[in-house]
1. Assign one of three labels to segment 113-163, namely rounded, prolate or oblate, based on the Cα gyration tensor with a ≥ b ≥ c the square roots of its eigenvalues; rounded applies when a/c is under 1.5, prolate when it is not and a/b is larger than b/c, and oblate otherwise.
2. Could you rank the peptides 184-191, 30-37 by their average count of other C-beta atoms within 10 Å per residue, with the highest value first?
3. Could you tell me whether segment 126-264 comes out rounded, prolate or oblate from its Cα gyration tensor? Rule is a ≥ b ≥ c as square roots of the eigenvalues, rounded for a/c under 1.5, then prolate if a/b exceeds b/c, otherwise oblate.
4. Quick check: Cα centre of segment 24-54 to Cα centre of segment 174-214, how many Å?
5. Counting other Cβ atoms within 10 Å of each Cβ, which GluC sites (Glu not before Pro) in segment 1-106 have at most 15 and sit in a DSSP loop?
6. Taking only C-alpha pairs under 8 Å that are 6+ residues apart, what is the relative contact order of segment 68-165 in percent?
7. For Trp165, Trp110, give me the order by solvent-accessible area with a 1.4 Å probe, most accessible first, ignoring ligands, DNA and RNA.
8. All other residues with a Cβ under 13 Å from the Cβ of Ala240 taken together, and with Lys, Arg as +1 and Asp, Glu as -1, what is their net charge?
Amino acid sequence: MPVRHFSPDAAPDAMLEELRSNGVIVVDNMIDDAVMDRFMDELAPHMADAPLGGGEFFGGAMKRVQEVAAKAPSIAGIIADPTLVALGDAVLLENCKSYRIQVLAILEIWKGGKTQPLHRDFGVYEPYIMHEPGAKEILLSWIVAGTDFTKANGATRVVPGSHTWPLDRVARDHEVEIAEMPRGSGLIYLGSVLHGARINNTDQPRTGIVSGYAVGWLRQEENQYLSCPPEAAAKLPKLAQQLLGYRAHSPVLGRSGDRDTQWLLGPKKVDIDADGYKDQSLQEV
């Protein structure tokens, strides 16, 4: 089942329908070239200093840059891209009041590694939260191509429809698709979809911006308060701040003292509304 490609101006409802049906889409040329150029320029010195390795799970020939929002602040224009946010709203807000970045890393695959095993991003929460086909989503994952993604250079393997499978269902070779896409495009998939990187057989690295959104009540895979502390987050646009997690959820979960965490980044200080505690199930005895 080939991965369906959309243009950035395609109807969001059509993208959402495909996501719900097959679990994965590609939005071609989603991020503007100027935004990509600026981000890749900021990233370059950090990637140059990153060691090549990554361990068995990452294939052994990978460079990784993390703490991205503090090191390359123009990532704000990518994590808050209107297409990504529209899909995040549609997929996740039925299961939360707000959502935030689950992980944010730059992965650069070089020649000489191994194929990454197929996995679900959902898996970092097992066995405490288990994949249940048909359940409300807790993750919407995405990868933005920092370089062209091709079959030769290690484009991501993905298994459309695997979000509907039981956990022990093993993908067959003919069910695995290769998500080729040009630089600036987005591979967007539900957190319950099987996927994994291929081997890079070329002499040039393949770079991907690996991220996604998680429901706001769920622990982030990467702690963004440490990766992008308040003094760095304060320099970013408000929506990017909120997506990193500088926003209380519903409205008291994740507060700091009596303040919504978004007010840690500016002069305005608003007390948490104590009535927010009434949102939970209460018993008057």
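The values are calculated or read from the model by the stated rules, or taken from the named source; none is laboratory data. Treat the numbers as computed from the prediction; the structure is a model and nothing was measured. Here the Cβ positions follow ideal geometry from the backbone for every residue, glycine too, while neighbour counts run over all protein chains shown. Ligands, DNA and RNA are stripped out before the accessible areas are found, and what is left, the full protein with its side chains, is counted by its heavy atoms. Shrake-Rupley method; radii C 1.70, N 1.55, O 1.52, S 1.80 Å.
1. Taking the square roots of the gyration eigenvalues as a ≥ b ≥ c, segment 113-163 is prolate.
2. 184-191, 30-37
3. oblate
4. After rounding, the separation between the Cα centres reads 13 Å.
5. Counting only loop positions with at most 15 other Cβ atoms within 10 Å, the GluC sites (Glu not before Pro) in segment 1-106 are Glu56, Glu94.
6. Relative contact order, segment 68-165: 30 percent.
7. Per-residue accessible area, sorted high to low, gives Trp110, Trp165.
8. +3
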